[in-house]
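One structure below.
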Amino acid sequence: MAEKKHRGRIQAQGGELEKSVKWAQDEPLTKSEGLLLLSELRSKLSKKEFQDRTDQFAEAERYIQNIQGGADAVKKKSFRNRKTQNIRVDIEILAGTAFIAIALFVLFIVFGFK
């Protein structure tokens, strides 16, 4: 089976934690899907694990919402806890494109763009 064109993951790491959610699909990941993955990751954390990364989750959410036209691979972005530096939330776009707006997604489907 062929690899999916658009792949990546969102991770919570540091402080002996390594949890992630991944995507692999034929169409670019939309912003809405990315925000759902971020929420899914958050739900995997304990209350303390999330509290250590509250600001980093907020920064990752703003990052996804503010991307214009999507982000192309390979792109890696870390949102670090300023106090500890190793506690963080990472977004990795490993192949293809992620965080496109719905309108761009429709153009992709209809016309085969991107």
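What follows is calculated from the coordinates using simple rules that are stated; it is not laboratory data. Owing to the predicted nature of the structure, the values given are computational and were not obtained by experimental measurement. Virtual Cβ from ideal backbone geometry, glycine too; neighbours counted across all protein chains shown.
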Taking a crude spin-label model, label points 7 Å out from Cα along the C-beta direction, the D55 to S39 distance in nm is 2.6 nm
Given pairs K4/K47; K4/K76; K5/K83; K5/K48 and cut-off 29 Å on Cα-Cα distance, the over-length ones are K4/K47; K5/K83; K5/K48
Rounded to one decimal in nm, the spacing of the 7 Å Cα→Cβ label points at K47 and Q25 is 3.3 nm
Relative contact order as a percentage, the chain, C-alpha pairs under 8 Å and 6+ apart, gives 35 percent
Restricting to aspartates and glutamates and to Cα separations under 16 Å from K44, and discarding same-chain partners fewer than 8 apart, the set is E16, E18, D52, D90
With +1 at each Lys and Arg Cβ and -1 at each Asp and Glu Cβ, the charge dipole magnitude of the chain around its Cα centre, to the nearest 20 debye, comes out at 280 debye
Taking only the alpha-carbon atoms of the stretch 6-111, the convex hull volume per residue, in cubic angstrom, is 85 Å³
Ranked by GNM mean-square fluctuation in the chain (Cα springs under 10 Å), the top entry among R62, R80, R88 is R62
